[in-house]
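Notes follow the structure.
Throughout, read-outs are computed from the coordinates displayed, never taken from laboratory work. Computed from a prediction, not measured in an experiment: that's the story for all the values here. Cβ placement follows ideal geometry from the backbone for every residue including glycine, while neighbour counts extend to all protein chains displayed.
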Amino acid sequence: MNRYRLVHVTEFSYDGEVTESYNEVRLRPLQDQTQSCLSFRLATDPHSRVGSHADYFGNLVHRFNVLGVHRRLRVEADSVVLVQAPPTYPSGGPNLGDLADLSEDLDEHYELLAATEYVPHASQLREPMHEAERNSDGTLAGFARAASDLVHLRFRYEKGATHVHSSIADAVTTGAGVCQDFAHILLAMLRMRGLPGRYVSGYLVPIQAAEPGASREEVIGGQASHAWVEVFLPTFGWFGLDPTLGEDVSLQHVRLAYGRDYGDVAPVRGVYKGHAGQQLSVDVRVRPALDDEGNEHLEETCAAPAEPVDESHAHQQQQQQ
């Protein structure tokens, strides 16, 4: 089914008292022609008043402050979302050699072509970029898919191989990473070849028990959230590719936010005042729509608590791993 209830709980536990916690979250599913957010509720403990605004990329950002003394912070986002089948990935179309003639279409997405802190135009990726070009049919669409397939085959998914602030170089050196790394590497290859690409944060809904798909379970069970890429193909539009799974996006992909890289779309981000370290835990529950017999079945995934953060400066950043 393609209607889901999503409950995302993020909890920070501090080993001492903290104050003046200022936070923003990007946890409301996107609303567009292929995805509808039917309802959304955000609650915090300690209780706080929540405001919202749209960011540069059109993501809805919720912000809240907890000014009093506290030793824990719990953020719960409860959503119901309807996901439509994404458009079929195109074949044919403009060739790589036509890019110079498509500058008018591409210039509109300049910020999604430029290098960023998380997505530098890394020299280590020139060889795989050229390999993807050789493996493609010479079209822009063919190159993008070949690049996604190459990232999927060349790098292995390994929890703990990198961390939230890791660079592309870390994953390239070890040959391993998590979905964030796979997305950043694919984005770098696309942008270096002249194709705009955007980072997508969201959820990968577990598939039914009848179709085990261990790799999917590992992804969502390990990080509680997922990341993939959308590439802009002139004359066609935006299309999603998931290099972690080596597939096109599907009804199992629920989108939360778009950006240039992870830094634009971190689901939970904030700062607080105090000398306490913090420990993070994340829990996500997904309830599919009614099945053919009128029953709902609860699918749960739970990320293990993160290791305590050993920090003692007055202003600290709290961020989803």
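The fewest-to-most ranking of LEU6, LEU195 by surrounding Cβ atoms within 10 Å reads LEU6, LEU195.
Going by neighbour counts of Cβ atoms within 10 Å, the residues THR116, THR19 line up, fewest first, as THR19, THR116. Computed over Cα pairs, the Kirkwood radius of region 63-128 leads via Stokes-Einstein (1.567 mPa s, 4 °C) to a diffusion coefficient of 71 µm² per second. Full extension of the segment from HIS275 to ARG74, taken as 0.36 nm per residue of separation minus the current Cα-Cα distance, would add 70.4 nm. Between GLU111 and THR34, the simple spin-label model (points 7 angstrom out along Cα→Cβ) gives 2.2 nm. Subtracting the Cα-Cα distance of VAL50 and LEU251 from their residue separation scaled by 0.36 nm leaves 69.3 nm. Three principal axis extents of region 90-210 based on alpha-carbon atoms, in descending order, are 43, 38, 26 Å. By the count of neighbouring beta-carbon atoms within 10 Å, fewest first, THR10, THR162 end up ordered THR162, THR10.
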